[in-house]
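Q: Input: one structure, supplied below.
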Amino acid sequence: MKQQESRASTYTTLAAGQEFRHEIEVKRSRFITVLRRADSEETARDLVSVLRREFHDARHHCSAFVLGPDRGIQRSNDDGEPSGTAGIPMLEALLKRETTPDAADLSDVSAVVVRYFGGILLGAGGLVRAYSESVSAALGGAPLVSRRRLRICEASVPHAAAGRLENDLRSAGFTMADTSYGSRETVLRLAIPDIPAGIAAAGERVLSLTAGKAALVPGGTEWIDVPLP
């Protein structure tokens, strides 16, 4: 069966290649939250395995993750805590995180909370609050980016002109994707909102900056990380 294409065009996630950690203490119990970007269930679950080895003497390694532009994959695990007191509160903290005003769109994030028991029972309500607050506090300081599905358009220019053109386009506010190099030309790739007016305006800007020598050629769409507004 053909997989249905996502209807989302933007969501928020952790900055690529970064892992973020945050710790709180509740009645002598330590709650160490580790956040990592994940693009698959395998990657998300791998974080649990890594932390089990690192914190091998901890009593619990509870986890939650949400994946996909539409947040279609959501999983949680209490790892020995009373049912519903750890994984679900962690997952809800991920899902409810408002990264822009009135918008909760965080995805592709795996969260693990490592708990060292401090000898004082917290009760069901105390555990729910502790696991939820641990993830929420970690997200409050984590490096986040906006991930957008943008139209990739290419402009081929001589190598000697590429650097200046790229700088001019960045200064004009365009998002640049990966650059490729041929034997005679450099191919600059612009990531543009997938609307005809935006693509047309970008094409006109490239023509103006190159005195009509380079045309912008629209291609397919890709997911691109851009800074949060």
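Q: Output the residue which, of all residues in segment 20-41 that are of a type in the set (Asp, Glu) and closer than 20 Å to Asn77 by Cα, is modelled with the lowest pLDDT.
A: Ranking the candidates gives Asp39 first.
Q: Report yes if some residue within segment 125-133 is under 20 Å from Ala15 (Cα atoms) and either β-branched (Val, Ile, Thr) or under 20 Å from the mean Cα position of the chain (by Cα) (or both); otherwise report no. Lay out the reasoning, then the answer.
A: In the first step, residues of segment 125-133 are kept if they are under 20 Å from Ala15 (Cα atoms); the result is none.
No, every residue in segment 125-133 fails to be under 20 Å from Ala15 (Cα atoms) and either β-branched (Val, Ile, Thr) or under 20 Å from the mean Cα position of the chain (by Cα) (or both).
Q: Check off (1) surrounded by 15 or more Cβ atoms within 10 Å (Cβ to Cβ); (2) outside the structural domain of Arg21 (by TED's automatic domain parsing); (3) in contact (Cβ under 8 Å) with a residue 24 or more places away in the chain for Pro158 and give me the number that stays unchecked.
A: Among (1) surrounded by 15 or more Cβ atoms within 10 Å (Cβ to Cβ); (2) outside the structural domain of Arg21 (by TED's automatic domain parsing); (3) in contact (Cβ under 8 Å) with a residue 24 or more places away in the chain, Pro158 violates only (1).
Q: What number of residues within segment 71-125 are free of Cβ contacts under 8 Å to residues at least 12 places away in the same chain and among the polar types (S, T, N, Q)?
A: 1
Q: Checking Ala124 against (1) more than 25 Å from Ala16 (Cβ to Cβ); (2) modelled with pLDDT under 95, only one condition comes out false. Which one?
A: The one condition Ala124 does not meet is (2).
Q: Right, here's the next one. Could you give every pair whose Cβ atoms fall below 9 Å, whose first residue belongs to segment 206-220 and is outside any strand (DSSP E or B), and whose second residue is polar (S, T, N, Q), counting only separations of at least 6 or pairs across chains?
A: Ala214/Ser156; Ala215/Ser156
Q: Working only within segment 62-81, note down all residues that are over 19 Å from Ser136 (Cβ atoms), touching a Phe, Trp or Tyr at 6+ places or on another chain (Cβ under 9 Å) and not in a loop (DSSP other than H, G, I, E, B).
A: Of everything in segment 62-81, just one residue is over 19 Å from Ser136 (Cβ atoms), touching a Phe, Trp or Tyr at 6+ places or on another chain (Cβ under 9 Å) and not in a loop (DSSP other than H, G, I, E, B), namely Ile73.
Q: Follow-up question, since we're still on this one. Restricting to segment 168-187, and then to whatever is part of a strand (DSSP E or B) and closer than 16 Å to Gly220 by Cβ, can you tell me which residue is modelled with the highest pLDDT? Quick ask: steps written out before the conclusion?
A: Taking segment 168-187 first, the residues part of a strand (DSSP E or B) are 175-176, 180-181, 185-187.
So of that shortlist, the ones also closer than 16 Å to Gly220 by Cβ come out as 175, 180, 187.
Details: Thr175: 93, Ser180: 93, Val187: 96.
Residue satisfying both the conditions and the ranking: Val187.
Q: Residue by residue through segment 93-114, note down the ones that are over 13 Å from the mean Cα position of the chain (by Cα), part of a helix (DSSP H, G or I) and under 21 Å from Leu51 (Cβ atoms).
A: Within segment 93-114, Ala93 is the sole residue that qualifies.
Q: How about segment 1-60: which of its residues are surrounded by 19 or more Cβ atoms within 10 Å (Cβ to Cβ), more than 16 Å from Val145 (Cα to Cα) and under 14 Å from the mean Cα position of the chain (by Cα)?
A: Result: Ala44, single match.
The values are calculated or read from the model by the stated rules, or taken from the named source; none is laboratory data. These numbers come from a predicted model, not from an experiment. With ideal geometry, Cβ positions are generated from the backbone for all residues, glycine too; neighbour counts draw on all protein chains shown.
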